[in-house]
1. Could you check the range 349-363 and list, in sequence order, the residues that are touching a residue at least 40 places away in the same chain (Cβ under 8 Å), more than 19 Å from ILE328 (Cβ to Cβ) and hydrophobic (A, V, I, L, M, F, W, C)?
2. Do you know which residues across the range 117-138 are under 19 Å from the mean Cα position of the chain (by Cα), within 24 Å of GLU28 (Cβ to Cβ) and part of a loop (DSSP other than H, G, I, E, B)?
3. Looking at this structure, is VAL371 modelled with pLDDT of 95 or more, outside any helix (DSSP H, G or I) and β-branched (Val, Ile, Thr)?
4. Within the range 78-131, track down each residue that is over 22 Å from VAL63 (Cα atoms) and of a type in the set (Lys, Arg).
5. Can you pull out every residue in the range 409-424 that is of a type in the set (S, T, N, Q) and in a loop (DSSP other than H, G, I, E, B)?
6. Please enumerate the residues belonging to the range 421-459 that are small (Gly, Ala, Ser) and out of contact with any Asp or Glu (no Cβ under 9 Å at 6 or more places or on another chain).
7. Out of (1) out of contact with any Gly (no Cβ under 7 Å at 6 or more places or on another chain); (2) in contact (Cβ under 8 Å) with a residue 24 or more places away in the chain, what's the single condition that is false for VAL63?
8. Confirm whether ALA451 is surrounded by fewer than 24 Cβ atoms within 10 Å (Cβ to Cβ), touching a residue at least 12 places away in the same chain (Cβ under 8 Å) and not in a loop (DSSP other than H, G, I, E, B).
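The values are calculated or read from the model by the stated rules, or taken from the named source; none is laboratory data. Given the structure is predicted, the values throughout are model-derived calculations rather than measurements. Ideal geometry is used to build each Cβ from the backbone, glycine not excepted, and the neighbour counts take in all protein chains shown.
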Amino acid sequence: MFELHHLTAQEQWDWLHRGEITPAELAEHYLGRIDRLNDELGAFVTVTRREALQRAADLPDLVPRSAVLWGLPLGDKDLSQRAGVRTTFGSALFEDFVPDSTDEIVTVLDAAGGVSLGKTNAPEFGLPSYTENRVAPPARNPYDVRLGAGGSSGGAAVAVAAGLLPVAPGSDGGGSVRIPAAATGLVGLKPSRGLVPAGAGIASLGGLVVPGPLARTVADAAMLLDAMIARVNGRIAHPFTLRAPDDGAPLLGAAVRGEGRFQLAVMTTSPWDSAYDIALDPEAQAAFDVAVRELNAVGHGLEGIALLPDDTYAPAFRTIWQAGAAGIPAEGAELERVEPLTRWLIERGRALSARDLSSALAALAAYERSVLAQFSSFDAVVTPALAQTPRPIGWYDAEDGERNFAQQVQYTPFTSFANVTGLPAITLPVHVTPDGLPMGVQLIGRPGGEATLLAIGAQLERRLRWHRRHPPQW
């Protein structure tokens with residue numbers, strides 16, 4: 001039986017503009033699905049039914065119908081503040097916190113015509129690559145609810161994969177959009193550092209964190225990214241320097257056309273190889289092989305490469321991750337209320353010296369330059385998305401921060417260096433395991449190369465038709 005969520009986000013936008021449905025009817029449909037399925041899946045921490053329906057009813061008077069997302073339901077990641085709506089940051093320290101201000105990315109998506117249905121689940125302060133916390137049930141993988149959805153945008157991924165939202169915004173500081181997208185069979189895109197003015201990455205330590213879209217199709221991801229960019233008179237209103245010129249064209253066009261033949265590198269090495277035992281599961285290798293086969297069939301040039309070994313990356317990234325946690329507002333007895341991994345990161349971060357931090361930042365800056373040089377002759381680089389299949393709920397060590405960090409690296413060794421280098425990266429759900437689990441591949445682009453990544457993604461989507469795969473809740 002046909003239901004509204006069976007349409008792509010693009011198709012839903014078309015229906016809204018033709019008057020076949022209203023924003024309120026669409027919001028009501030998704031709120032009904034959240035009511036029925038969220039207890040099992042843990043996608044939303046807070047649902048704002050009354051506010052969402054009021055916003056949807058008032059939308060024609062608030063936002064021009066030409067807006068990129070006009071009438072489409074969204075969810076705010078529970079790391080983003082919306083005035084008057086509980087925001088927990090995934091932490092018991094903020095379990096009852098209600099902010100009186102709204103973050104810029106939320107305001108931008110409102111201006112684009114989105115209708116927020118509530119707050120999507122995230123781990124404590126967005127630090128881990130899995131979504132299990134003390135303020136809400138875990139975000140469960142809709143393909144097998146015994147498994148996790150990845151993180152930190154795990155709730156957003158679950159909501160889109162299970163048809164509780166058409167698309168969803170996330171944020172990515174080490175893979176936090178791409179990891180859950182790969183685990184739940186979605187398209188996840190981390191844009192270039194500086195592309196999205198409301199989350200350019202410049203303000204985060206090491207320039208790591210940027211917002212990005214999660215969607216079922218490449219075109220839907222492009223549409224949401226266009227909304228995040230919020231062009232003014234067709235141009236990016238940009239306070240920072242983007243390393244590739246903005247041509248003023250919406251990225252959606254590149255995703256719809258899916259044109260071009262490109263020179264691609266393929267590799268299975270990671271910057272963590274010298275510090276941890278990194279091994280590809282057969283399922284991850286199979287997904288990588290599918291992508292390489294299909295890219296070759298399309299006619300792209302393919303060349304195998306390996307990252308140059310670099311012993312500085314792992315300790316430098318760990319230092320930045322720990323230093324980033326040092327400023328979390330938890331003192332004295334409050335440290336007992338945060339999760340053991342968070343406490344480990346905070347304590348290690350506060351023990352660092354200024355020299356430690358300066359050295360780590362310098363090492364990552366040098367690593368960025370090295371990778372840009374290594375990738376300079378390619379339009380994109382293909383890697384596995386994840387090294388392992390989605391991890392079971394409770395798999396990560398809950399007490400030993402050191403072991404927990406190692407487990408995360410071994411699951412997600414290919415994502416963090418795209419944040420360090422500021423390069424755009426997209427994960428695509430190219431494969432399904434014999435057990436029915438989605439597995440993905442990652443493409444890393446040139447600075448400002450989102451259009452190329454979207455074009456290649458569209459080509460693979462047309463061949464593999466992953467948008468027709470859905471979990472049982474669909």
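1. Kept after step one, since they are touching a residue at least 40 places away in the same chain (Cβ under 8 Å), are these residues of the range 349-363: 359-361, 363.
Applying the additional criterion that residues be more than 19 Å from ILE328 (Cβ to Cβ) yields 359, 361, 363.
Result: LEU361, ALA363.
2. Here is the first cut: in the range 117-138, the ones under 19 Å from the mean Cα position of the chain (by Cα) are 117-133, 138.
Checking which are within 24 Å of GLU28 (Cβ to Cβ) leaves us with 117-121.
Selection gives ASN121 alone.
3. On the way: modelled with pLDDT of 95 or more: yes; outside any helix (DSSP H, G or I): no; β-branched (Val, Ile, Thr): yes.
Spelling it out, it is not the case that VAL371 is modelled with pLDDT of 95 or more, outside any helix (DSSP H, G or I) and β-branched (Val, Ile, Thr).
4. Pass one, the range 78-131, residues over 22 Å from VAL63 (Cα atoms): 78-79, 86-100, 120-131.
Residue satisfying the conditions is ARG86 alone.
5. Within the range 409-424, THR412, THR415 meet the criteria.
6. Filtering the range 421-459 for residues small (Gly, Ala, Ser) gives 422, 425, 436, 440, 445, 448-449, 451, 455, 457-458.
The answer is GLY440, GLY457.
7. Result: VAL63 passes all but (1).
8. On the way: surrounded by fewer than 24 Cβ atoms within 10 Å (Cβ to Cβ): yes; touching a residue at least 12 places away in the same chain (Cβ under 8 Å): yes; not in a loop (DSSP other than H, G, I, E, B): yes.
Spelling it out, ALA451 is indeed surrounded by fewer than 24 Cβ atoms within 10 Å (Cβ to Cβ), touching a residue at least 12 places away in the same chain (Cβ under 8 Å) and not in a loop (DSSP other than H, G, I, E, B).
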